[in-house]
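Rule-based calculations on the coordinates, nothing more; no lab input. If you're wondering where the values come from, they're calculated on a predicted model, not measured in any experiment. Ideal geometry is used to build each Cβ from the backbone, glycine not excepted, and the neighbour counts take in all protein chains shown.
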Amino acid sequence: MLKPDAVKRRLTGIILSRFEQRGFKLVAAKTMIISDELAKTHYGEHEGKPFFDDLISYITSGPVFAMVLEGDDVISLVRKMVGATNPKEADVGTIRGDYAIDTGRNIVHASDSQESAEREIKLFFDESEFCDYNLPDEDIIYE
Ligand code: IDP
Ligand code: MG
């Protein structure tokens, strides 16, 4: 999910391009403004932490671009592409390492496990929002 700062900075296309160029398949996507309630559920694991209230304000401060990508090892590979939570520690070449500076403005969220991906996808998307199709170059991307 591209956070409001990414959308407002017009980075949606350039970040989505990275995932497309890697070979992942986009199966659902939308721009939306997250409600306070959805933000608190999504980030429930961080409730009580000192940055929680700021995080909820940040993620609800404008539109996000939510998406679901498919591909081999997509969860761990996207996390690597996103980079460290603190952009100052994120490697150059990662999304946070290339476009962000502060942890509280780190421009992108990515599910960190199969379980969190399943939970988060259900929070953000209905079944009817998924597109079932084949990538014509799948046999070039995969061996
Ligand atoms: P992640 O996004 O890399 O998975 P998490 O530890 O799950 O990182 O934290 C969720 C989000 O909360 C971070 O992406 C960041 O926006 C915010 N956050 C985490 N730690 C801090 C902090 O110490 N200060 C400010 N914001 C933080
Ligand atoms: Mg996280």
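Thr31 to Ser57: extension gain in nm, 0.36 nm per residue of separation minus the Cα-Cα distance?
Values: separation 26, 0.36 × 26 = 9.36 nm, distance 1.75 nm.
Gain in length upon complete extension: 7.6 nm.
Using only the Cα atoms of the stretch 4-57, what are the Rg and Dmax in Å?
Computed over the Cα atoms of the stretch 4-57, radius of gyration and Dmax are 14.2, 38 Å.
Helix 114-124: angle to the longest alpha-carbon principal axis of the chain, degrees 0 to 90, nearest 10?
For helix 114-124, the angle is close to 80 degrees.
Send over the per residue convex hull volume for the chain, Cα only, as a whole number of Å³. Working shown, then result.
On the way: hull volume 16.0 nm³, N = 143.
Considering the Cα atoms of the chain, their hull volume per residue is 112 Å³.
Would you order Phe24, Phe51, Phe125 from fewest to most other beta-carbon atoms within 10 Å of each residue's own beta-carbon? Show your work: numbers first, answer last.
Details: Phe24 22, Phe51 12, Phe125 17.
In order of increasing Cβ crowding within 10 Å: Phe51, Phe125, Phe24.
If I take every Cα pair under 8 Å that is 6 or more residues apart in the chain, average their sequence separation and divide by the length, what percent do I get for the relative contact order?
Working: 181 pairs, mean separation 42.2, N = 143.
Averaging sequence separation for qualifying contacts and normalising by length gives 29 percent for the chain.
Determine the distance separating the Cα centre of the stretch 75-100 from the Cα centre of the stretch 39-65; give it in Å without decimals.
19 Å
In debye, nearest 20: dipole of the chain around its Cα centre with unit charges on the Cβ of K, R (+) and D, E (-)? Don't skip to the answer; put the middle values down first.
Details: 17 positive and 27 negative charges, 159 e Å.
About 760 debye.
For the chain, what is the number of Lys pairs with C-alpha distance below 27 angstrom, counting only pairs 8 or more positions apart or on separate chains?
28
How far, in nm, would the chain grow between Asp126 and Ala84 when pulled straight, counting 0.36 nm per residue and subtracting the alpha carbon separation?
Details: separation 42, 0.36 × 42 = 15.12 nm, distance 2.97 nm.
So the chain would gain 12.2 nm between Asp126 and Ala84.
What is the helix-to-structure angle for 12-22, meaning the angle in degrees between its Cα long axis and the longest Cα principal axis of the chain, kept from 0 to 90 and rounded to the nearest 10?
Compared with the principal axis, the helix lies near 40 degrees.
So for Ser111, Ser35, fewest C-beta neighbours within 10 Å to most, what's the order? Don't skip to the answer; put the middle values down first.
Working: Ser111 19, Ser35 10.
By the 10 Å Cβ count, ascending, the order reads Ser35, Ser111.
Test of understanding: what is the full-extension gain from Leu38 to Asp139, defined as 0.36 nm times their sequence separation minus their Cα-Cα distance?
Values: separation 101, 0.36 × 101 = 36.36 nm, distance 3.83 nm.
In short, 32.5 nm is gained.
If neighbour count is taken as other Cβ atoms inside 10 Å, put Arg10, Arg18 in order from fewest to most.
In increasing order of surrounding Cβ atoms, one gets Arg10, Arg18.
What 222 nm value per residue comes from the helices of the chain, counting each DSSP H run with n ≥ 4 as -39,500 (n - 2.57) and dividing by all residues, nearest 500 deg cm²/dmol? The partial results should precede the final answer.
Numbers: 8 runs with 60 residues, N = 143.
So the helix-based figure for the chain works out to -11000 deg cm²/dmol.
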